[in-house]
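Trainee: Quick one: the structure is below, questions incoming.
The values are calculated or read from the model by the stated rules, or taken from the named source; none is laboratory data. Please read these numbers as outputs of a predicted model, since none were measured by experiment. Here the Cβ positions follow ideal geometry from the backbone for every residue, glycine too, while neighbour counts run over all protein chains shown. Side chains are part of the model used for accessible areas, which takes the heavy atoms of the whole protein and leaves out ligands, DNA and RNA. Shrake-Rupley method; radii C 1.70, N 1.55, O 1.52, S 1.80 Å.
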Amino acid sequence: MPGVSRETVQPIVLAAGSASRFGSDKLLARTEGRPLLDHVLATVTALARLRGVAQPTVVVGPAHEGRIALARRWPVHILVVRQAGLGDSLRVAARSHRGVALLVCLGDMPWVETRTLQRMLASWWRRPCGIVRPRAARSAAPGPPVLLGREAARALHGLAGDRGLRIPPGHGRVLQLPHDGRDVDVPADLVRR
């Protein structure tokens, strides 16, 4: 839309978790010929071509040399956090990007497509609100990923440990989208269904 000012959105990829249930570094495990994290980085960096979308930031732990090396192949900022809890990663990312909306994606969700994120952004830019989440066709519950407006992103500043953002049912806008919102927890999850 020419002449319409867009609030900046900062994509964040959370990739600092330990992946203890997987048995090895799951974000480097391959699906469809590439590491999980590579799929996610391809998706979010494609968004950076849109006006109003900042260069993505990837949040990793200091012991994740392989994840850091992979992220360096992409046009992203790398943010290293000392604690690997979900709440810790969200807090550090939000504090590093104050005053902008955040599009939070998970490093273990390789099948979320760029068009899903584009539709979330378009919905939010058309009618800004606190939170936008997709609901996958096969899921009863919405998101992640999640788009948090500036005010909603401030709630992340107080998180710690492994507790993430708790969004009450019915809060924010939920978009019914044809996307695969599955994450990978165990090696059997690496097969796309």
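Trainee: Of the conditions (1) open to solvent by 10 Å² or more (accessible area, probe 1.4 Å); (2) in contact (Cβ under 8 Å) with a residue 40 or more places away in the chain; (3) not in a loop (DSSP other than H, G, I, E, B), Arg51 satisfies every one except a single condition; which number is it?
Mentor: Condition (3) is where Arg51 drops out.
Trainee: I would also like to ask the following. Which residue, of Val100, Val81, is open to solvent by less than 20 Å² (accessible area, probe 1.4 Å) and under 20 Å from Arg154 (Cβ atoms)? First the steps, then the outcome.
Mentor: On the way: Val100 fails: open to solvent by less than 20 Å² (accessible area, probe 1.4 Å).
Only one candidate qualifies: Val81.
Let's see how each residue does on (1) within 26 Å of Cys129 (Cα to Cα); (2) crowded, with 19+ Cβ neighbours inside 10 Å:
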position: Ser18; (1), (2): no, no
position: Lys26; (1), (2): no, yes
position: Arg34; (1), (2): no, no
position: Leu37; (1), (2): no, yes
position: Gln55; (1), (2): yes, no
position: Pro62; (1), (2): no, no
position: Glu65; (1), (2): no, no
position: Arg72; (1), (2): no, no
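Trainee: Taking region 104-121, which residues are among the hydrophobic types (A, V, I, L, M, F, W, C), closer than 16 Å to Leu41 by Cβ and open to solvent by less than 40 Å² (accessible area, probe 1.4 Å)?
Mentor: Within region 104-121, Val104, Cys105, Met109, Trp111, Val112, Leu117 meet the criteria.
Trainee: Closer than 14 Å to Thr8 by Cα and open to solvent by less than 20 Å² (accessible area, probe 1.4 Å), is that true of Trp124? Before you say what the answer is, go through the steps one by one.
Mentor: On the way: closer than 14 Å to Thr8 by Cα: yes; open to solvent by less than 20 Å² (accessible area, probe 1.4 Å): yes.
Yes: the conditions hold for Trp124.
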